[in-house]
Amino acid sequence: MPTPITTKAQLLDHLQLALELEHATIPPYLCALYSIRDGSNTQAASVIRSVVMEEMLHMTLVANLINAIGGQPKVNEEKFVPNYPTFLPEIVHKFIVDLQPFSPGAIQTFLSIEQPPGLRPAAAEPADDDRYGSIGEFYVAVQAGVNFLSEKGKPSIFTGNVQRQVRPEHWYYGGGGHALIVTDAESACKAIEEVVEQGEGVTGALFDDDRKDGSDTYELAHYYRFKEIELGRCYLQSDTPESGPRGPELLVDWESSYPMTINPKVRDFAAVPEIQALMQEFNRLYTTLLDVLHHAFNGQPQLLRDAVPLMYELKYRAQALMRIPWRDGRTAGPSFELTR
Amino acid sequence: MSIHPGGQPDGEYDVIIIGGGVIGALIAQKLTAQYKRVLILEAGRAVGSTFPSYQSYVETFYASIPKTPNAPYPQNPKAPSPLAIDVHNITPGTPDLSDYTVETGPLPYGSTYQRALGGTTLHWMGFCPRMVPNDFKLQSTYGRGVDWPIDYDDIKNYYCDAEWAIGVAGNKADQERFGITFPDDYDYPMERIPLSWSDQQLQRYIDGEVVIDGAEHPVEISSLPHARNSIPRPLAARGGKAKGTGSYQPVPAVGTQSTGERCEGNASCIPICPVQAKYSALKTLNQLPEERHTLLTQAVATELLVAANGRIDGVVYKQYPNESTPDFLVAPVTVKAKLYVLAAHAVENAKLLLASGPNGLANSSDQVGRNLMDHPFFITWALAPRHLNLGQWRGPGATSEIPNFRDGAFRSERAATRIDVGNWGWDVATFPPDSNINAFVYGQNLYGPALRNLIADELPRQLRIGYVLEQLPESTNRVTIDRNYMGPLGTYRPVLHYDISDYTRAGMAFAWKLSDAIFDKIGIPRDQIFTQFDENSTGYMPYTPSGGKQMSLAYIGSGHHIGTHRMGVQKSDSVVNRNMRSWDHENLYIVGCGAFPTSATSNPTLTASALALMAADDMLKQLG
């Protein structure tokens, strides 16, 4: 295990890594989601969509945490954007994350990403003392850091300007949950809890008990949502990790997705300048989106609304690329490379 | 939601509600919150009650060629809905039998509703304007129609309740006109749906005055309140009834947490919101406490039973296991409760009352089925000049209205009108883009870039303005039943008798002048205005203004069935009292838009919802 967090600087470093981590999962999820043809795999698409929307919320919550502590979230720098295939930022055990279409392989990667603690990813490399066992464990360490730095008698670390917080009214899209405003240890705790419970979980429980928020619903943790796709069956509220899913069948058609090239790069498409141009356009738009997000997380939270149409535009362009035949029975696809 | 399509009632109920639409759902919500047990009978299917089954509606919509209001919802032979796909002008003496409803004319009614779980909120547009105070006293203010037994002050708190129960997006500041008021500490649960790009462009030209026949009229573009999810307000906006901290939680799609918490501008609100950001009654039904309600679907109520003391003593329903089951295999079942609520839709409510008892029920006033109204919808359309950069075809069907003609002294002479500024090009005027593409491809032999360029040039410039017109209650506009026109399961098909009086036609003629003045103000040349009608137009009707020459008008139905069991202050000329309780049967409530004495110009669902919540208070009082 890495050493515990004991300084504000370490905490900010960790949170910046968290931001990179949450973001790094989004392009792989989007590739899988957008490769699904309209009308096919609707349930699987809805699962991936729900997860990716929560990852976007997590980015926002982490940005709020950084801002609360007086830091500056960075989301549009060269090193922020992974070069796929990639390992996740240096936090958790190493396993390869690809940009690839909806497929059994993609779902295995997603299971690794959302692995609950205690279950080591099957594909991971041997244990590494500088890394956490899972994303959940990483956030436990962040939480411990916040607690340590907020102990009685220490000066408050929550010195950030509250105007920099993304509030529910800025958070245009719903579905991922609420944007929580972070101003003190208690609200920081809630934000971290939200990230962890929705995602990988700490307890290994199937359902995130959202009922304490008064919303009267249980949400299945990400890992188990992907388990449903892998196993082709839904969990019931009464199911446990040991029992496996015992609910209705979830139909998956692995053959009907657009077979996007795995980890496409603009440079690989030099032979067809038209495709290359479309990929570059996608990347420029993606870069613009990151710029807008950067400004939204750095003092202009109202810009978040403007980011939403950009996200839709990215979707349409990604889908257009995935419809263009390329080599070896594969199609073109979005490469998510920072391009200015 | 606990659904028993093949199941049975379970135990005793305080209230039986007939109809699983928005009105029945809101009443069930209020009663179950007070620990009453409720049985809901829904004639249609429960499709839509799960996320995958709702998606099947979406798929049906994508695959269907005419995108009519009922296109996503397969016709149900055991509980048919009027489709109004081809509205025919009616030949005198020859009823139009082509749809589920029989139309005898002289004019076609031409509006649809939906008989499935969720009711017509499945395909409604979702506009939720309040009525203005004078709408409740048309007779005493303007000498027209009748007064309501309640006024704006009686209903205003229920409007607040309804807006929060449905989840309405709006800004109260935009709605405070013609005497509409809100509590100081109140606002809608969500911020208004933003004005579309097209609205914003038009606003720059329209806001100001127009001159018609020498008189100046103020005009402005203003936002419409919508039952679709937007940015939530803090819970404190609920005002005096605020509970808890944090923000209002927009209700997501039924059966999933990840979709529908915000409108995404899919622009297919009618006939279906693919993400369920638009409210449908399915959302309210989905939240009913499991242990205090039973929902029977595919259960068609066929008769109300009445005891010697005048109280309703049971509902007979027929529950079909599937749509191909022969009628004679479906046995009638009787269920009983303390109170009965008829929330099946204005037309179906009237039909069931007329079909019950030896000579109909709740009808000592002879008003059941009478005073049928709609909001005849008059449309005008034009091609805007390029410099306006109108950018049509974005967002919900309309995001703004021109509210200035909803009330005024003119209502003693002609109908008021609420004006929708469309976002979907010429939509119901010419059915683009298909109609344009057909004309360009087959008419002009265009293809490739030339075709694409023409479409890109023309469609964004299409401007359609719609005028929702007031109609007065007339006893000869009515729903009847007739042994010659029977439907499935031994039920009747509704027979509609419908005409539009000169009061409304005069309002329409004024709307046309107003439209020309607005198009002028925008700077649209006369040869780019395409509004015109002839005898072959759907809903054609002639009108001769006093001292003028005959003109050709036309309308389409708004789907706002109003007035078939109106409320009033006395038993002799109304069906229900101010609490929507039957004058003749003290444990029977007849709710929905059918209870409206007049139509005014507001889309009726919000007002019907507020009235339903008012009626539910009376029910709770009766139940003790």
**Prompt:** Just a yes or no: is a residue in region B:290-300 under 30 Å from B:S364 (Cα atoms) and more than 13 Å from chain A (Cβ to nearest Cβ)?
**Reply:** yes
**Request:** From B:L26, B:L39, grab the single residue that is assigned to a strand (DSSP E or B) and buried (at least 24 other Cβ atoms within 10 Å of the Cβ).
**Result:** B:L39
**Residue among B:D99, B:D135 that is crowded, with 22+ Cβ neighbours inside 10 Å, at negative phi and free of Cβ contacts under 8 Å to residues at least 24 places away in the same chain** = B:D99
**Request:** Would you mind stating whether B:I437 is hydrophobic (A, V, I, L, M, F, W, C) and modelled with pLDDT of 95 or more?
**Result:** no
**Residues of region B:50-93 satisfying the condition of being within 14 Å of chain A (Cβ to nearest Cβ), in a loop (DSSP other than H, G, I, E, B) and more than 25 Å from B:A344 (Cα to Cα)** = B:S64
**Prompt:** Out of all the residues in region A:31-40, is one or more part of a helix (DSSP H, G or I) and at pLDDT below 95?
**Reply:** no
**Asked** Out of region B:230-274, which residues are touching a helix residue (DSSP H, G or I) at 6+ places or on another chain (Cβ under 8 Å), within 29 Å of B:P69 (Cα to Cα) and either more than 10 Å from chain A (Cβ to nearest Cβ) or not in a loop (DSSP other than H, G, I, E, B) (or both)?
**Response** B:V254, B:S268, B:P271, B:I272, B:P274
**Request:** Tally the residues that are under 30 Å from B:G523 (Cα atoms), among the polar types (S, T, N, Q) and assigned to a loop (DSSP other than H, G, I, E, B), restricting the search to region B:178-229.
**Result:** 1
**Fill in**
How many residues of region A:319-337 are on the phi < 0 side of the Ramachandran plot and under 18 Å from the mean Cα position of the chain (by Cα)? The answer is 3
**Request:** Could you list, in sequence order, all residues of region A:50-81 that are more than 17 Å from A:K190 (Cβ to Cβ), touching a Lys or Arg at 6+ places or on another chain (Cβ under 7 Å) and β-branched (V, I, T)?
**Result:** A:V51
**Prompt:** Which pairs have Cβ atoms under 8 Å, sit 6 or more apart or on different chains, and link a residue in region A:246-275 that is under 21 Å from A:A320 (Cβ atoms) to one that is among the acidic types (D, E)?
**Reply:** A:T261/A:D268; A:I262/A:D98; A:N263/A:D98; A:K265/A:E337; A:V266/A:E337
**Residue selected from region B:277-322 under the condition in a helix (DSSP H, G or I) and of a type outside the set (S, T, Y), by the criterion farthest from the chain's Cα centre (by Cα)** = B:E291
**Number of the condition not met by A:A205 [criteria: (1) at pLDDT 90 or above; (2) of a type in the set (A, V, I, L, M); (3) surrounded by 15 or more Cβ atoms within 10 Å (Cβ to Cβ); (4) outside any helix (DSSP H, G or I)]** = (1)
**Asked** Within region B:566-583, is there a residue that is hydrophobic (A, V, I, L, M, F, W, C), within 28 Å of B:S365 (Cα to Cα) and surrounded by fewer than 21 Cβ atoms within 10 Å (Cβ to Cβ)?
**Response** yes
**Message:** Suppose the filter is exposed (fewer than 15 other Cβ atoms within 10 Å of the Cβ), away from every other protein chain (no Cβ under 11 Å), more than 18 Å from B:L122 (Cα to Cα) and in contact with a Phe, Trp or Tyr (Cβ under 8 Å, 6 or more places away or on another chain); does B:I212 pass it?
**Reply:** yes
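The values are calculated or read from the model by the stated rules, or taken from the named source; none is laboratory data. Here the structure is a predicted model, which means the values were calculated and not measured. Neighbour counts run over all protein chains shown; Cβ positions are idealised from the backbone, glycine included.
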